[in-house]
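Just so it is clear, none of the values below were taken in a lab; they were calculated from the coordinates. Just so it is clear, the model here is predicted, and its values are computed rather than measured. So basically every Cβ, Gly included, is an ideal-geometry build from the backbone, and we count neighbours across all protein chains shown.
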Amino acid sequence: MYLALGQSPTPGTAPASLALTRVQRADWIPFRWICRIVTRSHDRSGFSVGTGFLIGPHHVLTAAHVISPIEAPSTASITVYPGQNGESASGIAANGWAISPGYRTTDCRTVGEDYGIIRLARAVTGGAFSLAPVTPATAANLVVNLAGYPATRDRHARLMFRSLGRLGVPLRIDACTREIPSDGSPVRETIRATTVANGTLVHHDLDSAKSMSGGPMWILRDGVRTVVALHTGRVAQVRKAILLDATVQARVGRWMTDTLPPLP
């Protein structure tokens, strides 16, 4: 794969880093707030797995493409499994969801809008992540945690793993192409990306894998675990995330109170 960057914004090596490592106690805080998400399409032909995290007893924040996966964008049902870490888990049905209106499943130039929310049919007790006000300036080079459900470690992505690394600078995706080689080798993606002075799309150097999209990227400050970004997978060689800045948080707040308030 080839990546052309306007200013080569490769993150530096974090002073503290951790490759994907199995979470042993998903019942501990904050791992019990992290959710495996299973999405099924209308024809029920298959399912897609992703990651999300509790931001309240009835709401889960995740990537838009977890709610509306490119393989089956016509979502019929979503089941959420808080704190799953193995085969046995109790799922909760979703009774509503929303994604950023600027996101387009087939247009990688909109990956800066790749976030959405899920409303649960019943409340989950035991707490939830807080969201921190963050800007590109305060987030650059910030060391963060990530946890989720890598499909590379389990066929159905039922095992929770975590990693540690550093956020990078904001990106803008200007163009993208996909090439399907005639010899049957894997699809190659090419993007043209430039750094920008500000924006919610950033890259990072944390170890991650497929189905970890939607996972929280959090810090521990003053005893509070606070999410500052949302991992959204890769485009070409770039690991990317959405900063939860004031604009994103305002939209999430409106979803929780106006669009998808808890049902009686």
query: What are the residues whose amide H is under 5 Å from the amide H of Gln84, where those residues sit 5 or more places off or on another chain and H is modelled from the backbone?
result: Arg36
Neighbour-count ranking [beta-carbon atoms within 10 angstrom, fewest first] of Thr190, Thr125: Thr125, Thr190
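Determine the sum of side-chain charges near Arg178: Lys and Arg each +1, Asp and Glu each -1, restricted to other residues whose C-beta is under 9 angstrom from that of Arg178.
-1
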query: Mind ordering 96-102, 26-32, 147-153 by average Cβ neighbours within 10 Å, highest first?
result: 147-153, 96-102, 26-32
field: Estimated inter-spin distance, Leu18 and Ile180, nm [label 7 Å along Cα→Cβ]
entry: 4.1 nm
- prompt: In square nanometres, what is the average projected area of the Cα convex hull of the range 86-191?
  reply: 10.3 nm²
statement: When the chain is treated as a Gaussian network with springs between alpha carbons less than 10 Å apart, the largest mean-square fluctuation among Ile117, Ile242, Ile219 is found at Ile219
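State the extension gain, in nm to one decimal, for the chain segment bounded by Arg254 and Arg40, taking 0.36 nm per residue of separation less the distance between their alpha-carbons.
This chain segment gains 74.4 nm when fully extended.
Which order do Met256, Met212 fall in if you start with the one that has the fewest other Cβ atoms within 10 Å?
Going from least to most buried by this count: Met256, Met212.
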- prompt: Longest segment of the chain with no GluC sites (Glu not before Pro) in a DSSP loop having at most 15 other Cβ atoms within 10 Å?
  reply: 88-264
- line: Note on the chain: contact order normalised by length, alpha-carbon pairs under 8 Å, 6 or more apart, percent, works out to 24 percent
query: Using the Cα atoms as the points, what is the convex hull volume per residue of the range 2-258 in Å³?
result: 132 Å³
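Work through the residues other than Gly233 whose Cβ is under 10 Å from its Cβ and net out their charges, Lys, Arg +1 and Asp, Glu -1.
+3
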statement: Given unit charges at Cβ for Lys, Arg (+) and Asp, Glu (-), the dipole magnitude of the range 175-260 about its Cα centre in debye, nearest 20, is 80 debye
- prompt: At 222 nm, what helix-only mean residue ellipticity would the chain give, in deg cm²/dmol to the nearest 500, using -39500 (n - 2.57) for each DSSP H run of four or more?
  reply: -1500 deg cm²/dmol
statement: Log10 I(q)/I(0) at q = 0.12, 0.13, 0.17, 0.22 Å⁻¹ for the range 134-264, from Debye over equal alpha-carbon scatterers, is -0.56, -0.65, -1.01, -1.29
query: Could you give me the ³J(HN,Hα) list for the range 61-68, computed from phi with Karplus coefficients 6.51, -1.76, 1.60 and θ = phi - 60°, whole Hz, x at Gly and Pro?
result: 9, 7, 7, 4, 6, 6, 6, 10
- request: Work through the residues other than Asn85 whose Cβ is under 14 Å from its Cβ and net out their charges, Lys, Arg +1 and Asp, Glu -1.
  value: +4
- request: Starting from 0 in steps of 10 Å, tell me what percent of the Cα-Cα pairs of the range 192-264 lands in each bin.
  value: 16, 39, 34, 10, 1
message: Tell me the relative contact order for the range 64-150 as a rounded percent, counting alpha carbon contacts under 8 Å between residues six or more apart.
response: 26 percent
query: Mind listing the phi-derived Karplus ³J(HN,Hα) values for the range 163-173, rounded to whole Hz, using 6.51, -1.76 and 1.60 with θ = phi - 60°, and x for any glycine or proline?
result: 8, 9, x, 10, 6, x, 9, x, 10, 10, 8
- prompt: Ordered by residue, what ³J(HN,Hα) values in Hz, to whole numbers, does the range 137-153 give under the Karplus form 6.51 cos²θ - 1.76 cosθ + 1.60, where θ = phi - 60° and Gly and Pro are x?
  reply: 5, 7, 8, 4, 6, 6, 7, 10, 9, 9, 9, x, 10, x, 5, 6, 9
